[in-house]
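Below is one structure, written out as structure tokens; comments come after it.
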Amino acid sequence: MKEASEPSKVVSLSQRLDPSSQRGGELLNAVRGIAGRRLQQLLDGMFEHVDDALFDLAEKAENNAAQMHYFDGMREVRKRRPAVERSYLAQVSRELGDIAASQRPAAAEPAPLGNIELTLVADNELEESLAITSMISKNESRLARDLFAVNQRLSVICGGLKIDEGNNPIAPAALSQAFRQAMRELSADMRVKLIIYKLFDRYVLSGLEELYQEINAELIRAGVLPQLRHGIARGGQPARPGAAAAAAALGEQAAAGADDAEMAENLLQTLRQLFSARRGQAHGAAAMADGNAGAAMQAPTVNELLGALSVLQSQLASGPAFPAGAVDTAALGQEVAELKDHLLSQLGALRGERPSQVASIDEDTIDLVGMLFEFILEDDNLPAPMQAMLARLQIPYLKAAILDRRLFANRQHPARRLLDGLAELAKGWSAESDRDHRVHDKVKAIVEQLLHEFDDDMGIFERLCGELQEFQELIRKRAELAEQRVAESTRGRERLEQARRRAAREILDRIGEQTLPPLIHGVLARAWANYLVLTILRQGEDSSEFADALRFVNDFIASTRPARDPESQRQLRQLLPGIERALRRGLASVAFQESDIERLLGQLHAYYRQQLGEAVEEAAPEEPAPLPIPESIQPIVEQEAPALRAEREAPVVPPPDLPELEQVLALKPGTWLEFCPTGEAVERAKLSWISPMSGRYLFVNRRGLKVADYAPHELAAALAAGSARILASEPLFDRAMDAIVGRLSQGLPPAPPAA
């Protein structure tokens, strides 16, 4: 049997297969076959739902025109579906083939949004770009575990070429971009395309987990990294021995999103080991000394703990309202730290005697919840007023953790999802962006509902999760509309600025050092410059209309050359009809009235008769009459010339080489930052859009209103100066678990050497 077909042969990370070899080629072909088959199935499932979705929208359309858009879209999709499928699958297959040829596929370009909009885009393409970017970001996060393994194994069979989310042809980014290219086969309305993108996300990208699992299983059978474990770096910390190594394993398991009961139990056992190691021998000695007393007074039962916590919860719920004004986080932290003592005192009041201790598992749970809420009060991702509100949830969450000890191990636990959702909503909060108090009051209402209503019914967390999601969806839709308007306005302004600069540069470059007659210069610098700007905006810089407009500039300047001999006079006469036709057409498009055009042409006729040496009926004035230019016509060349001159004369100084620039270039739309300029109010803003023209980063607040825009080097300088900082994008619970594991691991002794 050939070596290539031996499934028992193991390939480690240090071994590289030549993709052109028989074995490497066979494995890549297997991957390509799995991908083609799976993607075809997923596409079939998606297209089966397109008709229903568009028909439903057509029935709900606000008018007949909108209804026809959807019906036309249905017909277009039915007609062009085979072409879209062929284009999509062929592109994916081709890019997988490029890997086999040791070529970097097209999807390797950085930053999805930058790839999408490298050139000037049409107005409605912004929506398309945002939809694609959102799909990529969401699915890269969701599929991180399986995708990591696929990347590592593909790297091995591709001869050591580094495969990651950016250049893997079957990663969410590449597959989304390939589908966008395939969608160019459709001439449907953008509203129809956006519906199809949503279905692509729901029925194709959502099925990638099974694709990756099948590819991983196939490569494991072939012996490629069979022992590979999920190893996405979290902070770059080296592995720790002993109990600390267990802590590292806990972090890895939590990052992998363990949901099942067995994994939950393993995580809880690891946490208990960490708490036990933290208490150390002193705790054990104390337990032995109190053994006889413990026999006389049993540790509180779960029901006793819950009863005491319910009393404390009712006292908190009926106590003072949320603090107004400045928040004293130090005092809140003290309250969080003292909860265990208050709990023991309340147990004593209920029993008649205060217990000296609680069961180890209950003590671990109390300490773990306490550390979670200590983290919340230390988390600078959260504004202080939001920290104060969330800190009031310590007792309800301690009750929930006692009732269901999987809370800390299960990422999908409703209580965990609710706290993550509240923290995410709170992250973008500021008094300025929440003038109507909608967000503040919603968080407050959910906190108060838990304090007043939660006893032992864990279903309340699921219900509140649904309520919070509905609220978030509502404010998201409102903010998206504002964001789109801001982005479109910014893009329009940038296009206009670039068009003005381009028009001025073209005219000034052609004039050069020449001194043109005031009449000719005035027409070019004002009227024709405006026409150039309009042509760029409407037809584009690569259009034949723009080329004709530039040709006119050349002819108009050439018409000022002295015509002293018959040949030069003949050439001038040949130019004049074309100049007049171009002027009539161009000036009419930039708001010149017919009478103003005739008056200007009259001045030009007089000028050219002089050029040709022909008799003029009236003596021309020494100074030409003012040009008949409407007030709406901007003096573009005069306005842009100083900046262009400064640009040419300024020495080329590269922006400072700041390490923060790498952070800036890695930012993705949706990332939140906090801006704290000296002497100004702190503001939180989300990266909404990266301009494909200027590269500037546009930031908006929670309501979708513009807060600031920065060039990349400007934002890097703000990060370096501390006047801006990037807020963590990971969920609150994940970050808290990492911090807790790190804190518990500090100072732990190393494990004894293996026997």
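Every number in this text was worked out from the coordinates using simple rules, so none of it is lab data. Note that this is a predicted model, so its numbers are computed, not measured. All Cβ positions, even for glycine, are placed from backbone atoms using ideal geometry, and neighbour counts span all protein chains on display.
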Within straight cross-link reach of Lys444, meaning Cα distance under 17 Å, which aspartates and glutamates are found once same-chain residues fewer than 8 apart are removed?
Asp420, Glu424, Asp434, Asp436, Glu453, Glu467, Glu470
Calculate the spin-label point distance for Ala591 paired with Asp52, positioning each point 7 Å from the Cα along the beta-carbon direction, and give it in nanometres.
5.3 nm
Cα→Cβ-extended label distance, 7 Å offset, between Leu612 and Gln449, nm:
8.5 nm
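Less than 14 Å Cβ to Cβ from Cys676, Lys/Arg counted +1 and Asp/Glu -1: what total charge do the surrounding residues give?
On the way: positive: Arg684, Arg725; negative: Asp380, Glu432, Glu674, Glu680, Glu683.
Neighbourhood net charge equals -3.
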Using R₀ = 56 Å, calculate the FRET efficiency as 1/(1 + (r/R₀)^6) where r is the Cβ-Cβ separation of Gln514 and Ser723; round to 0.05.
0.70
Arranged by the count of other C-beta atoms within 10 angstrom, fewest first, what order do Trp528, Trp672 take?
Trp672, Trp528
Quick calc, Asp164 & Glu467: beta-carbon distance into FRET formula, R0 60 Å, rounding 0.05, result 0.95
Given points 7 Å out from each Cα along the Cα-Cβ axis, report the Leu537 to Gln663 separation in nanometres with one decimal.
3.9 nm
Could you calculate the FRET efficiency of Lys138 with Gln40 from 1/(1 + (r/R0)^6), where r is the beta carbon distance between them and R0 is 25 Å, rounded to 0.05?
0.60
Rank Val533, Ala582, Leu601 by how far each Cα sits towards the positive end of the charge dipole of region 514-649 (+1 on Lys, Arg Cβ; -1 on Asp, Glu Cβ) and give me just the farthest.
Ala582
Which entries of Lys193/Lys477; Lys138/Lys442; Lys399/Lys442; Lys193/Lys706; Lys60/Lys477; Lys138/Lys198 have Cα-Cα distances beyond 21 Å here?
Lys138/Lys442; Lys399/Lys442; Lys193/Lys706
Please compute the length gained on full extension between Leu601 and Arg743, using 0.36 nm multiplied by the number of residues separating them and subtracting their Cα-Cα distance.
42.9 nm
Multiply the residue separation of Asp457 and Thr301 by 0.36 nm, subtract the distance between their alpha-carbon atoms, and state the gained length in nm to one decimal.
54.3 nm
So what's the gap between the Cα centers of region 34-56 and region 665-717, to the nearest angstrom?
37 Å
Net charge of neighbours whose Cβ lies under 11 Å from the Cβ of Ala724, counting Lys and Arg as +1 and Asp and Glu as -1
-2
Cut-off 15 Å between beta-carbons: net charge of the residues surrounding Arg702, Lys and Arg +1, Asp and Glu -1
+1
Ranked packing of 532-545, 140-153, most packed first, by mean Cβ within 10 Å:
140-153, 532-545
